[in-house]
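A.B. asks: Let me give you the structure first, and then I'll get to my questions.
Quick note: the coordinates plus some simple rules give every number you see, no bench work behind them. This is a predicted model, so every value here is computed, not measured. FYI the Cβ positions are ideal-geometry reconstructions off the backbone, even for glycines, and counts take in every protein chain you see.
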């Protein structure tokens, strides 16, 4: 039994509510909206955006013209996007880690080959469409928007999964294919964020601090207790660590890793990723929406359950602080992002999926047709959450960023396209497994 309705209700409804509230607020009283988003919570030297840059851009709005020798300012936007969204990306990383590392992980073995190759098409297709159309619009447009090439590569896993179930039915093999593709898309998206969108000047030596934190907590809170309990079936040391310390060592290691990512120049929202593999986990993966996941007692799944409600609230505020775009901001980046998703995703997924299934003879899941790949590609064109996030880091605040975000919001139209494509290609719904 799959918990998709529970997941979508808990996570996506709040996210959409935040986005809708942001759109209404930004289009009725933009001054107070931006005043809220950039509000300075704390001037300090530890975390936040560059203080001098903030004063130059926003200081006048808050009647602040000097801050002394303080180097950073923690704003509402930084708190949500750079600090708290690290918890969301950690949950995404958990699914990717289990899918890759565990014995029966969904991204291992021959059965995952075709979805993985199709994922490459789903990433490259939007890039080709986005940059191709941008170059066609002229060199000025291309220079202004080229850094946003990754915005249309994202697939919103929750919304795509929901629409996939509506189009194909819960029991159709294309739904499982879509889930594998979305998880792989998330993994590549994390790599793209880390490699191509640093948040500042790179200082890679700080990544050694992050790696050191992960290794240290793995050895001290995981390996050492087990080694001390060798030949003792009661496992007193491991039990003490599990009951008394619980997740606290990993929380401390996560804080160190996050700070190291911020100092390294990589986006700090990815700062918890090195810690996830160090957390004790189950030896089986049942999948993001599987009911069985609720009963696993390993620490990694316990932490995921603890984060469930906080991440729901975080996603609401993410929508609120990132989707506040004035409708007048619609421009070339809007259509480039939207067409990259609506054209590049389906074409890329179909072409690479066909290559994997036919010339490479890797095949498709039993009961799935090549035509289903086109429909699946339309479903995967819903970018939303991660597209919004990438747009916020790919462009500086301003008209280009706002226009790109509008394209990410408009990608919800892919749901309508997917339903129409399902009718056109005569998808036979399968409601039972």
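A.B. asks: When 91, 368 are ordered from fewest to most other Cβ atoms inside 10 Å of their Cβ, what list results? Walk me through the numbers on the way to the answer.
C.D. replies: On the way: 91 17, 368 21.
Sorted ascending by nearby Cβ count, the order is 91, 368.
A.B. asks: Expressed in nm to one decimal, what extension gain is obtained for the pair residue 136 and residue 226 from 0.36 nm per residue of sequence separation less their Cα-Cα distance?
C.D. replies: Numbers: separation 90, 0.36 × 90 = 32.40 nm, distance 6.09 nm.
Full extension from residue 136 to residue 226 adds 26.3 nm.
A.B. asks: Can you give the Rg to Rh ratio for region 134-274, taking only C-alpha atoms and Rh from Kirkwood?
C.D. replies: Values: Rg = 21.6 Å, Rh = 18.8 Å.
My calculation puts Rg/Rh at 1.15.
A.B. asks: Among 303, 279, rank each residue by its count of other Cβ atoms within 10 Å, from fewest to most, as a rough exposure measure. Provide the component values of the computation, followed by the final result.
C.D. replies: Numbers: 303 23, 279 26.
Listed from fewest to most nearby Cβ atoms, that is 303, 279.
A.B. asks: Would you list 429, 244, 345 from fewest to most Cβ contacts within 10 Å? Can you show the working numbers first?
C.D. replies: Numbers: 429 13, 244 8, 345 31.
The order, fewest Cβ neighbours first, is 244, 429, 345.
A.B. asks: I would also like to ask the following. If each residue of separation counts as 0.36 nm, what is the full-extension length gain between residue 50 and residue 246 once their alpha-carbon separation is subtracted?
C.D. replies: Values: separation 196, 0.36 × 196 = 70.56 nm, distance 3.53 nm.
Length gained between residue 50 and residue 246: 67.0 nm.
A.B. asks: What distance in nm lies between label points placed 7 Å from Cα along the C-beta direction at residue 124 and residue 67?
C.D. replies: The modelled label-to-label distance comes out at 4.4 nm.
A.B. asks: Also: Compute the distance from the alpha-carbon center of region 301-356 to that of region 172-216, in whole Å.
C.D. replies: Each part reduced to its Cα centre gives a spacing of 16 Å.
A.B. asks: Next question, about the same structure. Could you list log10 I(q)/I(0) for region 222-262 at q = 0.22 Å⁻¹, which the Debye formula gives when each Cα is one point scatterer?
C.D. replies: -0.70
A.B. asks: Considering only 135, 411, 257, give the residue with the highest GNM mean-square fluctuation for the chain, with springs between Cα atoms whenever their separation is below 10 Å.
C.D. replies: Per the Cα network of the chain with a 10 Å cutoff, 135 tops the list.
A.B. asks: At q = 0.13 Å⁻¹, what is the base-10 log of I(q)/I(0) for the chain according to the Debye formula with one equal point scatterer per Cα and no solvent? Please give it to two decimals.
C.D. replies: After summing over all Cα pairs, the log10 values are -1.20.
A.B. asks: Calculate, for residue 361 and residue 306, the FRET efficiency according to 1/(1 + (r/R0)^6) with r their C-beta to C-beta distance and R0 35 Å; round to the nearest 0.05. Display every interim value, and only then the final one.
C.D. replies: Numbers: r = 45 Å, r/R0 = 1.28.
Between residue 361 and residue 306 the formula returns 0.20.
A.B. asks: Find how much the distance from residue 326 to residue 234 grows on full extension, using 0.36 nm per residue of separation minus their present alpha carbon separation; answer in nm with one decimal.
C.D. replies: Computed gain between residue 326 and residue 234 is 26.9 nm.
A.B. asks: OK, next. Would you mind checking the radius of gyration and Dmax of region 50-98 based on alpha-carbon positions, in Å?
C.D. replies: Looking at region 50-98, its Cα Rg and Dmax stand at 15.8, 49 Å.
A.B. asks: Testing the spin-label approximation: label points 7 Å from Cα along Cα→Cβ at residue 166 and residue 215. State their distance in nm.
C.D. replies: 4.9 nm
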